[in-house]
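Coordinate-derived values only; no laboratory data. Remember, predicted model here, so these are calculated numbers, not experimental data. Note: ideal-geometry Cβ built from the backbone for every residue, glycine included; neighbour counts use all protein chains shown.
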Amino acid sequence: MTDQNNDSRIAQILTSTKVIGLVGLSNKPERASHRVANFLAAKGYRVIGVNPGLAGQEMFGELVVASVSELPAETDMIDLFRNSDAVGPIVDEALEALPGLKTVWMQLEIFNAGARAKAEAKGIAVVEDRCPKIEFPRLFGERNLAELQEVSV
């Protein structure tokens with residue numbers, strides 16, 4: 001099996017993604033999910049938080065929703081800040097509710113073989129054990145999404 005987390009594949013995901021549903025968003029700036037969401041929004045992505053406790057609050061210019069099924073249809077990536085054991089039902093919900101879904105991204109130390117298999121069977125890219133806040137600057141330096149999309153067109 002080839003490495004599904006190779007640089008060219010991750011670069012393609014990061015340059016083609018536009019709308020990210022960030023599952024497990026925290027309103028605490030010291031939390032990783034908040035820092036990553038802030039970074040992605042600053043790079044030009046539309047970042048919509050998923051957290052039932054924060055639903056209805058505005059963060060990063062978007063209203064937080066309570067569940068993945070409340071994300072807009074154009075959501076093309078979900079970024080999961082949940083334990084590996086919690087990933088399966090979230091991915092199932094996303095596959096059912098998000099017709100534009102192209103990527104399931106699991107954060108550092110998050111793996112779920114069953115969720116990966118289900119998503120990949122539907123043609124969805126899966127990234128495990130990576131963080132876009134680390135990968136983006138490693139691959140693209142200080143550029144933003146708009147600059148990258150101009151180059152890739």
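Residue by residue, here is whether (1) β-branched (V, I, T); (2) assigned to a helix (DSSP H, G or I); (3) more than 25 Å from R9 (Cα to Cα) holds:
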| site | (1), (2), (3) |
| --- | --- |
| G21 | no, no, no |
| P29 | no, no, yes |
| V36 | yes, yes, no |
| L54 | no, no, yes |
| P72 | no, no, no |
| R82 | no, no, no |
| E93 | no, yes, no |
| G100 | no, no, no |
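Here is a list of conditions, (1) in contact with a Leu (Cβ under 7 Å, 6 or more places away or on another chain); (2) closer than 28 Å to E150 by Cβ; (3) touching a residue at least 60 places away in the same chain (Cβ under 8 Å), and A73 meets all of them except one; can you say which number that is?
(3)
Search the range 135-146 for residues being surrounded by 13 or more Cβ atoms within 10 Å (Cβ to Cβ) and farther than 30 Å from S84 by Cβ, and hand back the single one that is nearest to the chain's Cα centre (by Cα).
Within the range 135-146, the match that is nearest to the chain's Cα centre (by Cα) is N144.
Scan the range 125-134 and give yes if some residue there is under 18 Å from A11 (Cβ atoms), surrounded by fewer than 16 Cβ atoms within 10 Å (Cβ to Cβ) and free of Cβ contacts under 8 Å to residues at least 40 places away in the same chain, otherwise no.
Checked the range 125-134: at least one residue is under 18 Å from A11 (Cβ atoms), surrounded by fewer than 16 Cβ atoms within 10 Å (Cβ to Cβ) and free of Cβ contacts under 8 Å to residues at least 40 places away in the same chain.
Hey, E74 hits all of (1) surrounded by 12 or more Cβ atoms within 10 Å (Cβ to Cβ); (2) more than 17 Å from the chain's Cα centre (by Cα) but one; which does it fall short on?
It fails just one condition, (2).
Which residues, taken from the range 80-109, are buried (at least 21 other Cβ atoms within 10 Å of the Cβ) and free of Cβ contacts under 8 Å to residues at least 60 places away in the same chain?
L80, F81, V87, V91, L101, V104, M106
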